[in-house]
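To start, the structure under review is shown below, and the notes come after it.
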Amino acid sequence: MRFTRTLFIVLLIIFFSWQQTKAQDNKINESDLWKGTIYNFEEAFAKPNKVKSLYINDDSLYLLPKEIKRFKSLEILSLVNTHVEEFPNEMQELVKLKFLYLENDRNLDLDQALGVLPNHSLTKISILNNGLSIFPNVLNNFINLKELSLYKNHLEFIPDEMQKFTKLETLLLSENELETLPNSFSELCNLKTLTISNNRFEILPEVICSLKNLENIYVGNKELNSNQAIQILSKCEGLRFINLSKIVINESVNFSPLAELENLENLELINVYKSFEEILFEQLFKLNFNVTIRLNFEPSEDQLTISKNFPNVTIGSLNEVY
């Protein structure tokens with residue numbers, strides 16, 4: 001009996017050690033994988049079993065080789081400026097693929113291409129500037145996604161099926177043609193970062209208030225009602241960071257409702273002031289968080305001196321790195 005109990009404890013320890021090791025393996029940083037990136041097929045096929053990250057930027061590429069299936073350890077695939085129209089069926093064998101980047105390929109049949117990929121392993125998909133006007137239905141198969149970027153396309157709406165992405169933590173929808181968001185957005189229970197700037201919103205959809213884990217949001221376009229947007233944002237209790245860009249700021253705009261956000265640490269105002277005189281420093285100074293303002297012109301030394309009287313406000317130009 002004592003031996004059996006001891007054996008059970010030993011096996012239990014081994015099991016939990018294995019689980020911990022497995023968890024650590026799953027947390028491999030994407031940036032670490034990029035460090036070993038290979039940039040052409042010739043080098044990749046010379047050592048196929050060691051290829052973990054492959055970046056192809058080639059405007060003469062029209063066809064992906066079927067032999068790509070040999071990259072059994074591939075975790076990152078980035079295809080940029082190609083003319084590929086479809087993916088070979090052999091790519092379904094890339095069972096370790098986690099991160100997919102597709103950029104500037106308007107010839108690609110996304111339904112076909114994504115349809116041949118293993119949908120259980122991918123945790124990040126980025127489709128940048130591919131001329132999308134309709135949300136690809138095939139994306140609904142990738143329910144394990146943690147990050148989805150459809151940045152800089154022509155999307156006019158997001159379907160209700162978005163509710164399937166319950167594991168999604170980051171959603172990038174900036175620079176599209178969206179005017180609203182579906183009510184199913186409320187099901188994105190793990191979403192932490194949302195970018196919807198440079199769309200066509202006239203009012204900010206109230207559904208974002210139901211995103212209880214939302215911490216970071218990027219909002220703004222010239223058609224957006226500034227005060228309405230601020231009121232909606234003030235109801236998003238978990239927000240830590242807000243980026244407002246290209247909204248119309250005038251004397252009637254009131255930022256004080258944002259003071260209700262106990263977790264808010266930083267408000268960024270990007271390209272919203274046409275002149276230094278429009279900045280209401282006294283109002284911003286009363287806020288209980290940091291305010292970063294980026295202007296589309298270089299502030300003078302005298303203007304920078306004035307801003308130093310308000311320690312929670314930082315002024316700079318868009319040309320500066322921030």
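Relative contact order of the stretch 59-139: 29 percent, from C-alpha pairs under 8 Å at least 6 residues apart in sequence.
Look at where the Cα atoms of the stretch 126-156 and of the stretch 195-230 average out, and the two centres are 19 Å apart. For the stretch 77-128, applying the loop criterion from DSSP together with a ceiling of 15 other beta carbons within 10 Å to the GluC sites (Glu not before Pro) yields GLU85.
Coupling constants for the stretch 241-251 follow from the phi torsions by the Karplus curve (6.51 cos²θ - 1.76 cosθ + 1.60, θ = phi - 60°), and in residue order they are 9, 10, 10, 10, 9, 6, 7, 8, 10, 9, 5 Hz; glycine and proline get x.
Taken about its Cα centre, the stretch 197-253 carries a charge dipole of roughly 140 debye when the Cβ of each Lys and Arg holds +1 and the Cβ of each Asp and Glu holds -1. For the Cα trace of the stretch 225-307, dividing Rg by the Kirkwood Rh returns an Rg/Rh value of 0.95. Residue by residue through the stretch 39-49, what is 3J(HN,Hα) from phi via Karplus (6.51 cos²θ - 1.76 cosθ + 1.60, θ = phi - 60°)? Round to whole Hz and write x for glycine and proline. Once rounded to whole Hz, the list reads 10, 7, 5, 4, 5, 5, 6, 6, 8, x, 6.
Per residue, the Cα convex hull of the chain amounts to 192 Å³. P(r) tail, the stretch 232-276: Cα-Cα pairs separated by more than 15 Å, 45% of all pairs. Here the 3J(HN,Hα) profile of the stretch 270-281, calculated from phi with Karplus coefficients 6.51, -1.76 and 1.60 at θ = phi - 60°, is 10, 6, 10, 10, 7, 8, 5, 5, 6, 6, 8, 4 Hz, Gly and Pro shown as x.
Bear in mind that the values in this text are calculations on the coordinates, not laboratory data. Being a predicted model, the structure only gives us computed values, none of them experimental. Positions of Cβ are backbone-derived with ideal geometry, glycine not excepted, and every protein chain shown enters the neighbour counts.
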